[in-house]
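These notes are about the structure you will find just below.
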Amino acid sequence: MLAGAATFDITPGYPVDLAGYVRRAKAPRDLGAPLRLTSCVLRSSDATVVIVAADLLGLGVAYANDIRTAIAEAVGCEKRNVLLSSSHSHAAPAPGMRWKLGGEFMDAPTRAEVAYEAWLPSAFVAVALAADARAQPVRVAGGVGRVNGLAVNRRERAPDGRTVLGWNPDGFVDEDVPVLRIDAEDGSAVATLVVFGCHPVVLAAEVAKAGPDFVGPLRDTVERLRGGVCLFLQGSAGNVLPLQAFHDHEGPEVGMGERLGFEAVHAVIDADPRVSSVEKLGGYGSVTPISLYRRRISAEQPEQALAVASRIVALPLLAPPTVAELDAELAVRVADLDQAVAQGDPASYTNTITYHVAWLRHTIAELRARRSPSSLEGEIWAARIGDCAIVAAPGEIFGEIGSAVRMASPAAVTLFTGYANGVLGYVATPAEYPFGGYEPAVSHRGYGHPAPFKPEVAGAIRTTALELLAVLFPERALTAGHDSSTDST
């Protein structure tokens with residue numbers, strides 16, 4: 001197997017609105033931490049796999065597909081063998097998404113935003129080509145670390161019965177840190193792939209600078225300790241926040257990122273992917289004989305597999321409200337907006353109303369024209385790299401779903417990443433639908449869908465992922481099968 005890795009700066013010019021916080025009222029005028037693309041290209045006699053991780057809130061699916069096509073043509077591989085993963089930093093743009101979520105320039109994109117979105121695909125191609133140009137013989141191994149007290153389930157049960165974003169210490173959170181280590185023949189690091197499922201929102205909207213949040217310090221730490229290029233693939237972070245989130249000043253994100261970086265290195269520090277043996281040398285000693293032993297790297301290394309499997313699946317939506325119901329809500333929202341503007345309320349408040357007005361007008365028009373979809377197509381993606389695997393899904397996936405896939409996977413180590421090859425929206429577990437709240441009841445509005453996904457979408461993603469892994473690991477039996485009890489998590 002050959003592999004190479006590279007980085008590319010994609011920090012936008014100004015003024016470009018950052019996505020992630022609807023309440024954000026100003027585009028940045030000051031430099032923050034750089035936004036980066038990081039890429040790893042792997043080649044074998046059987047396949048070429050391109051992975052590009054981006055410091056972006058997310059990518060529109062059609063936009064992501066165009067980028068994947070361009071990368072595949074440039075590198076010389078199948079489009080389905082290209083994986084794009086967004087870090088989901090809330091201090092980054094969201095190219096190709098349907099409309100803006102907050103910002104200073106809500107009425108129309110700025111000239112800088114149009115130019116950035118037009119330029120960005122070429123940056124993706126450039127970083128993939130650079131990684132491919134550095135390809136050298138490598139070996140791959142994996143490991144799983146664990147961090148305590150950095151993240152929390154965010155589905156807080158309020159005293160009035162509502163579910164809000166906050167702390168739910170009784171809720172599920174996956175604290176594992178799965179890692180892939182890709183090393184050259186001499187043992188030096190080529191790339192390190194790290195997954196952790198948590199929204200990068202240590203910094204709040206009040207920090208008016210672009211940046212990768214905790215992801216940047218994580219990468220810096222791994223690269224300082226191991227060398228090579230670190231790729232962060234955001235995990236199943238749909239219902240997970242940093243334990244201490246939304247700071248109004250820079251600094252707290254560094255501690256979280258460094259802690260994750262240390263754990264990522266710790267997870268694979270002893271997982272040398274090269275096969276070796278211990279040899280006994282001749283005698284050595286002084287007043288007493290001493291036997292000497294040395295570890296020797298084997299001249300013959302076993303072949304490591306490289307393959308991709310993917311499937312487009314239909315992800316059904318719940319029934320939308322009626323046009324009459326939407327018309328009634330629109331009238332109320334427009335009146336609220338008019339009053340807020342007349343009172344001189346700040347954009348941090350009016351943006352939140354505009355969010356609903358834009359969705360209502362779009363959805364009413366789609367329903368009246370009978371163009372409203374009843375399901376969305378999503379690509380579930382999996383790759384085998386040696387004895388390890390990467391599974392990817394195009395959404396803000398709840399932690400229980402990604403963890404269930406990892407626990408049932410036949411691979412020695414499995415990385416599950418959401419926000420992959422475009423983002424369709426939140427995928428909640430069926431158990432959370434009765435509690436309502438943002439993710440299963442409101443968040444679809446930001447993605448321009450007429451209704452949330454049906455509860456069974458979580459199980460469909462899990463089942464499809466495990467079926468793909470079975471194709472990639474035919475010599476191994478799945479450890480947990482497809483039992484319905486796990487599908488209902």
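If the condition is being of a type in the set (Gly, Ala, Ser) and touching a Phe, Trp or Tyr at 6+ places or on another chain (Cβ under 7 Å), then the stretch 434-445 contributes only 443.
Quick check, is residue 96 over 17 Å from the mean Cα position of the chain (by Cα), outside any strand (DSSP E or B) and at positive phi? No: the conditions fail for residue 96. Surrounded by 10 or more Cβ atoms within 10 Å (Cβ to Cβ) and either touching a residue at least 24 places away in the same chain (Cβ under 8 Å) or of a type in the set (Gly, Ala, Ser) (or both): is that true of residue 286 in this structure? Considered against the rule, which asks whether it is surrounded by 10 or more Cβ atoms within 10 Å (Cβ to Cβ) and either touching a residue at least 24 places away in the same chain (Cβ under 8 Å) or of a type in the set (Gly, Ala, Ser) (or both), residue 286 comes out as no.
Determine whether residue 386 is out of contact with any strand residue (DSSP E or B) (no Cβ under 6 Å at 6 or more places or on another chain), among the small types (Gly, Ala, Ser) and at positive phi. No: the conditions fail for residue 386. When 298, 310, 291 are screened for being surrounded by fewer than 12 Cβ atoms within 10 Å (Cβ to Cβ), in contact (Cβ under 8 Å) with a residue 24 or more places away in the chain and among the polar types (S, T, N, Q), only 298 passes. One residue stands out among those in the stretch 298-339 that are in a strand (DSSP E or B) and out of contact with any Ser or Thr (no Cβ under 8 Å at 6 or more places or on another chain): the one that is farthest from residue 394 (Cα to Cα), which is 307. Would you check if residue 255 is more than 30 Å from residue 190 (Cα to Cα) and either at pLDDT below 90 or surrounded by fewer than 15 Cβ atoms within 10 Å (Cβ to Cβ) (or both)? When the stated conditions are applied, residue 255 does not pass them.
Count, please, the residues in the stretch 134-167 that happen to be touching a Lys or Arg at 6+ places or on another chain (Cβ under 9 Å) and surrounded by 20 or more Cβ atoms within 10 Å (Cβ to Cβ). Final tally of qualifying residues: 7.
Of the numbered criteria (1) acidic (Asp, Glu); (2) buried (at least 19 other Cβ atoms within 10 Å of the Cβ); (3) closer than 20 Å to residue 88 by Cβ, the one residue 220 fails is (2).
Within the stretch 22-38, if we keep just the residues that are under 13 Å from residue 11 (Cα atoms) and aliphatic (A, V, I, L, M), the residue that is farthest from the chain's Cα centre (by Cα) turns out to be 31. Looking at this structure, is residue 348 under 29 Å from residue 159 (Cβ atoms) and out of contact with any helix residue (DSSP H, G or I) (no Cβ under 9 Å at 6 or more places or on another chain)? Judged against the criteria, residue 348 is a match. Looking at the structure I just gave you, is residue 109 outside any strand (DSSP E or B), within 19 Å of the chain's Cα centre (by Cα) and more than 29 Å from residue 239 (Cβ to Cβ)? It is false that residue 109 is outside any strand (DSSP E or B), within 19 Å of the chain's Cα centre (by Cα) and more than 29 Å from residue 239 (Cβ to Cβ).
Of the residues making up the stretch 357-383, just one is β-branched (Val, Ile, Thr) and either within 14 Å of the chain's Cα centre (by Cα) or at positive phi (or both), namely 380. Entry remark, the stretch 1-21: residues being among the β-branched types (Val, Ile, Thr) and more than 20 Å from the chain's Cα centre (by Cα) number 1 in total. A count restricted to the stretch 247-298 and to residues that are over 30 Å from residue 231 (Cα atoms) and among the polar types (S, T, N, Q) stands at 4. Kindly provide the set of residues from the stretch 366-384 that are assigned to a loop (DSSP other than H, G, I, E, B) and among the hydroxyl-bearing types (Ser, Thr, Tyr), ordered by number. Listed by number, the residues that qualify are 372, 374.
Apart from one condition, residue 276 fits all of (1) over 22 Å from residue 134 (Cβ atoms); (2) in the same structural domain as residue 421 (by TED's automatic domain parsing); (3) small (Gly, Ala, Ser); the exception is (2). Residues of the stretch 368-397 that are among the polar types (S, T, N, Q) and modelled with pLDDT of 95 or more: 374, 375.
Right, residue 110: crowded, with 17+ Cβ neighbours inside 10 Å, touching a residue at least 12 places away in the same chain (Cβ under 8 Å), in contact with a Leu (Cβ under 6 Å, 6 or more places away or on another chain) and of a type in the set (Ser, Thr, Tyr) or not? It is false that residue 110 is crowded, with 17+ Cβ neighbours inside 10 Å, touching a residue at least 12 places away in the same chain (Cβ under 8 Å), in contact with a Leu (Cβ under 6 Å, 6 or more places away or on another chain) and of a type in the set (Ser, Thr, Tyr). If only residues of the stretch 273-294 that are among the charged types (D, E, K, R) and over 38 Å from the mean Cα position of the chain (by Cα) are counted, the one that is farthest from residue 190 (Cα to Cα) is 280. So which residues in the stretch 433-445 are surrounded by fewer than 22 Cβ atoms within 10 Å (Cβ to Cβ) and touching a helix residue (DSSP H, G or I) at 6+ places or on another chain (Cβ under 7 Å), if there are any at all? Within the stretch 433-445, 433, 445 qualify.
With respect to residue 236, determine if the residue is closer than 28 Å to residue 378 by Cβ, of a type in the set (S, T, N, Q), surrounded by fewer than 23 Cβ atoms within 10 Å (Cβ to Cβ) and modelled with pLDDT of 95 or more. Considered against the rule, which asks whether it is closer than 28 Å to residue 378 by Cβ, of a type in the set (S, T, N, Q), surrounded by fewer than 23 Cβ atoms within 10 Å (Cβ to Cβ) and modelled with pLDDT of 95 or more, residue 236 comes out as no.
The values are calculated or read from the model by the stated rules, or taken from the named source; none is laboratory data. In this text the structure is predicted, and so the values were computed from the model without any measurement. Don't worry about glycine lacking a Cβ; one is built from the backbone with ideal geometry, like all the others, and counts go over all protein chains shown.
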